[in-house]
Amino acid sequence: MKTSTSALGALAIGLALAASAARAQPPMDPVFAEHQKAWTTRPEFSSPLVDHLPASDNVPTPRAVIGHDVGAPRVLDHYADLLKYYHALAAAAPRQVKIVETGKTEEGRPTVVVLISSDANIANLEANRANLARLADPRGLSEADAQALIDKTKPMYVALGGLHSAETGPPEMLMELAFRLVTEDSPLVRQIRDNVIVGINPASDPDGRDRYVDWWYRNKIDDTDDLNPVPGAPYWGKYIFHDNNRDINYTGLSARNLLSFYLQWHPPVMHDLHESVPFLYTFSGQAPQNPALDPILFGEMPWIANYEMAKLTSYGMPGVWTHGYVDEWSPGYVGFMSTNHNGLFKMYETFGNGGATTELRHVKPVDGPGEDLHGQDQTGREWYRPNPPYRTVEWSMRNNTNYMETGVLTGLSMVAQNPRTIVENFYRKSRNAIDDGRKTAPYAFLIPGDQADMTKAATVVNLLRMQGIEVGRLGAEVTLKEGKFPAGSYIVKRDQPYGRLAKVLLEKQTFPDNKLRTYDDSAWTMGMMAHVKVTPSADVKALDVPATPVDQAKVEGAIGPPGAAAYAVLDHGAINLAVLRYRLKGEAIRIAEAPFKDADHAVPAGSFLLDGKAYAALKAQVVPLGLTAVALTAKPPVASHEAALPRVAVYSTWGSTQNVGWVRYAFDQFETPYDLILKDEVRKGGLRARYDVIVIPSQGRSAKNLVFDIPLRGKPLPYTKTAQYPTQGAYGSSPDIRGGMGLAGLEELRKFVEAGGVLITLGEASAVPAEFGLAPDVEVSRPSKAFYAPGPIVTAKVDKPKHPIFYGYPEGQPMTVRWASTALLSLPVRDQNDVLMTLPGGDKSVQSGLMVGASEVKNRPAIVDLPVGEGQVLMFTTNPIYRWQNFGEFRMLYNALFNYKNLRDGLGGPPVIADKDDDKPAEADKPD
Ligand SMILES: [Zn+2]
């Protein structure tokens, strides 16, 4: 559009007049006010902070860009529309809004953080970023200089929403918040704009946002029955569903992009917006708390949370509470990137309907027969919930928006009233972290450089590096209290800004109180999970050990001279051996069944044996994969068998794709070909003709739930790609995802095994062959209600050390596994020989974390291989691919694949029936 000069002049005068009038009596948007009132189901579900929205001539409202006011019934916005809004906002108000691009998702959507503040703060953004970075690492900064820097530094407060895609409100609300922060001239908002740099992560799982929104429009928009709800979308992002908030090692790209933003911008406050419990729960860091974190943090969290509860309650809003829901133990929640790095974490749960459809909600859970509602009823009064939510309520997206937005504005206002305290605390926590590492043991963690498999050690180092933790490499041997560490060892010194995080991740977890419950895992000790030796050092000299900073750890592989008749790729447990097998799929590879010596080389059982002709192909792969291949001088003096490449299928239910997602993720990382099969493919039959191995990852609430999955009630639920719903039909497709594999599918699995297939079940899925007769000799039982094992790391006993499953695992050394399942198996004596690994149980078996009632799992089988017909059922009650964490166990599953034709090897003789006297419990085995 062309405008004449005089018209522009008139417009400028008009705008100036409007601006001065705005300051006196800001004009408000009457249409918004009408909508907001109509969509809020009761007056007390609103507040004076959100019952109005400025009318702006030059800055577009959400309605102007996306066609509706936020909180409109029956509307959700796709990610591109969210971005469209923020780009329109930034274009209209470039001096208050800056969009930082942080990367791309798995499906190629851009990830961003939108920064909003006053003109002056946005103009000063780069200097402020540098100040926060300096305060985040105050080494060499004097106290006086730090104080001067704090005086001129604004806190940054980043709000993120939509990490969980079914929690649809926050990405909507954040657009309105952004507009309000740019345009509103109230003292509260002006103070926020002047004193805080607000960051907005519009949807923390962009791929999942679009997939859920499509699903909702297609299947769920008319759903108003909260007692019998239409299920949500089977997938959000590509892999891991709800666990994207348990992604301790940042596999998800949107989380990884946010972490990299964090480490560049150092926001002292992050606020993660979720939906579940009514009406607004504000996280305050209840027990159990990780004592490695700074005590200041545990003062800050309830300080702000209680202010929010008081303010919202004073506006007349019922159901705002704190405490009593999420603890501060596991470091694996995405938003904990802030507390893990000396910042401050805030989190809300507000009440969402899983969409934007207004409906009657039964807030107090309806008590069914035999249901244990302990802890699920949030409608009772408690000291931390003085004005509880209603028992039933008509609830709308706008109510949810009002609560969230009022809460976030209140949290921001608290920070804006105390900007110096927030920044100074951030600095103080950073400095304390360094001091703590100087004053308290362990002073360092060492990863010895002479471990047989250094590839997993490199994985640990690189995960620490991703989190900004400094790691050094020793140039020469060092002697400390704990012994000698050779050149090439890695050292993580604790006198660094993220020394506390290093401690949290690397130390053994000692749960503070066995009577307390925790929201997620009780243990994550990286070395134990990865089967990497990590030695904490109580020797203060460790801080002065010379070490070269490591950017990325890389293990260079090696191969002997060309021209040998044969080569052996030594198996010391590297998962990369699996990658090698897939990359050399055209080569004949055999596996040594026993260790042997050749010249100077000790070749372990499980090593790959290749003909000399494969030299060039082998060299091209072993070097980058960090593996060692030796030239053999003689024919191996041990038996060997083919390193098979089975045709693999991974079975997934539709109702519980998350743990399957972790297996899919690992398989993709290690270049493992497989077909994902769902109920329709299984029921079709003919499985044996197509596959050699079917893996059923842990999934579902029970064996029955795994088989029957989403109940066949209501209407069909299509998950197929169409022009209207382009995100559907990814990672499986079905005209109706209800019904599960059912008995017909089970029968096909039975035929598959009878005809020579290998069925591998992981974790809870191992109850399926037992309870549905595929492995009729196996009984399943459950531990008592007193038993409580939130993911501890425990000792396992390898019963058949020569079995192919344990290739790469050093014989005679203790095995640590993550306890993953509550399905306990028992076998008759005649099948005892088929038990490959056992959980000894007892308190002494707990290496890290918490297991209450550990004697209940005593001597229970952990891995069982049973012959069935021509085939086998291999049952893990552990989960050999648990999230992206227990790298030390991954190889058991790969060994099962490459040796699927030899799983009956190494089982030894018939079972030994114990003498009566041997039944007496030994001293160490007494219940404890
Ligand atoms: Zn959530």
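Observations on the structure shown:
- Exposure proxy ranking for His164, His572, based on other Cβ atoms within 10 angstrom of each Cβ and starting from the fewest, stands as His572, His164.
- Nearest-ten-degree value, helix 887-898 long axis tilted from longest Cα axis of the chain: 50 degrees
- Between Leu83, Ser118, Ile99, the Cα set farthest toward the positive side of the dipole of region 52-118 (charges on each charged residue's Cβ, about the Cα centre) is that of Ser118.
- Sequence-distant contacts, meaning Cα pairs under 8 Å at least 6 residues apart, place the relative contact order of the chain at 10 percent.
- Label reach from Asp675 (point 7 Å along Cα→C-beta): in region 863-897, no amide nitrogen lies under 18 Å.
- Shape class for region 799-899: oblate, because the ratio a/c of the largest to smallest gyration tensor axis (alpha-carbon atoms, square roots of eigenvalues) is 1.5 or more and b/c is at least a/b.
- Taking every alpha-carbon pair in region 51-201 and binning the separations at 10 Å intervals from zero gives 10, 37, 32, 15, 5, 0 percent.
- For the residue pairs Lys493/Lys844; Lys533/Lys844; Lys503/Lys785; Lys635/Lys901; Lys456/Lys619, alpha carbon separations beyond 26 Å are given by Lys493/Lys844; Lys503/Lys785.
- Theoretical FRET efficiency, 1/(1+(r/R0)^6), r = Cβ-Cβ of Met28 and Gln191, R0 25 Å, to 0.05: 0.80
- Contact order relative to length of region 280-433, as percent, for alpha carbon pairs under 8 angstrom and 6 or more apart: 30 percent
- Separation of alpha-carbon centers, region 458-492 and region 733-796, rounded to whole Å: 41 Å
- Net lengthening on full extension, Lys785/Arg647 (0.36 nm per residue, minus Cα-Cα): 45.6 nm
- Cα centre as origin, Lys/Arg/Asp/Glu Cβ charges: the chain dipole, Debye: 1120 debye
- Since only Gly483, Val534, Thr510 are under comparison, the one whose Cα sits farthest along the positive direction of the charge dipole of region 418-537, derived from C-beta charges on Lys, Arg, Asp and Glu, is Thr510.
- The order of Asp598, Asp544, going from fewest to most other C-beta atoms within 10 Å of their C-beta, is Asp544, Asp598.
- Between region 104-132 and region 188-233, the alpha-carbon centres lie 21 Å apart.
- Among 297-305, 560-568, 264-272, the order from most to least packed when residues are scored by Cβ within 10 Å on average: 264-272, 297-305, 560-568
- Over region 60-139: Rg over Rh, Cα atoms, Kirkwood Rh: 1.08
- Pairwise FRET efficiency - Ala80 versus Thr392, Cβ, R0 = 35 Å, nearest 0.05: 0.40
- Helix-derived mean residue ellipticity, 222 nm - over the chain, DSSP H n ≥ 4, -39500 (n - 2.57), to 500: -9500 deg cm²/dmol
- Normalising the average separation of contacting C-alpha pairs (under 8 angstrom, six or more residues apart) by the number of residues puts the relative contact order of region 712-843 at 22 percent.
- The distance linking region 379-430 with region 635-711 is 44 Å (Cα centroid to Cα centroid, whole angstrom).
- Placing unit charges on each Cβ (+1 for Lys and Arg, -1 for Asp and Glu) gives the chain a dipole about its Cα centre, and among Ser314, Gly563, Leu580 the Cα reaching farthest toward its positive end belongs to Gly563.
- Counting every pair of alpha carbons in region 237-378, the share spaced more than 20 Å apart comes to 55 percent.
- With θ taken as phi - 60° and the Karplus curve 6.51 cos²θ - 1.76 cosθ + 1.60 applied, the whole-hertz 3J(HN,Hα) list for region 850-864 is 10, 9, 8, x, 4, 6, 5, 9, 4, 6, 7, x, 9, 9, 10 Hz, x standing for glycine and proline.
- Note on Asp222 and Ala744: with the Förster distance fixed at 30 Å, the Cβ-Cβ geometry gives a FRET efficiency of about 0.45.
- Dipole magnitude of region 54-196, debye to nearest 20 (Cβ charges: Lys/Arg +1, Asp/Glu -1, about Cα centre): 180 debye
- In a reduced charge model with +1 at each Lys and Arg Cβ and -1 at each Asp and Glu Cβ, region 749-829 shows a dipole moment near 140 debye about its Cα centre.
- Hz values of 3J(HN,Hα) by residue in region 169-182 - Karplus curve (6.51, -1.76, 1.60), Gly and Pro given as x: x, x, x, 6, 4, 4, 5, 5, 4, 4, 4, 4, 5, 7
- Once backbone amide H atoms are built at 1.01 Å from N, Lys104 has Thr111 as its partners under 5 Å, excluding neighbours fewer than 5 places away on the same chain.
- With each label modelled as a point 7 angstrom along the Cα→C-beta vector, the Ser733-Lys597 pair spans 6.0 nm.
- Additional length obtainable on full extension of the chain from Ala287 to Ser826, 0.36 nm per residue less Cα span: 190.4 nm
Rule-based calculations on the coordinates, nothing more; no lab input. This one's a predicted model, so the numbers in the text were calculated from it and none came from an experiment. Using ideal geometry, Cβ is built from the backbone for each residue, glycine included, and neighbour counts are taken over all protein chains shown.
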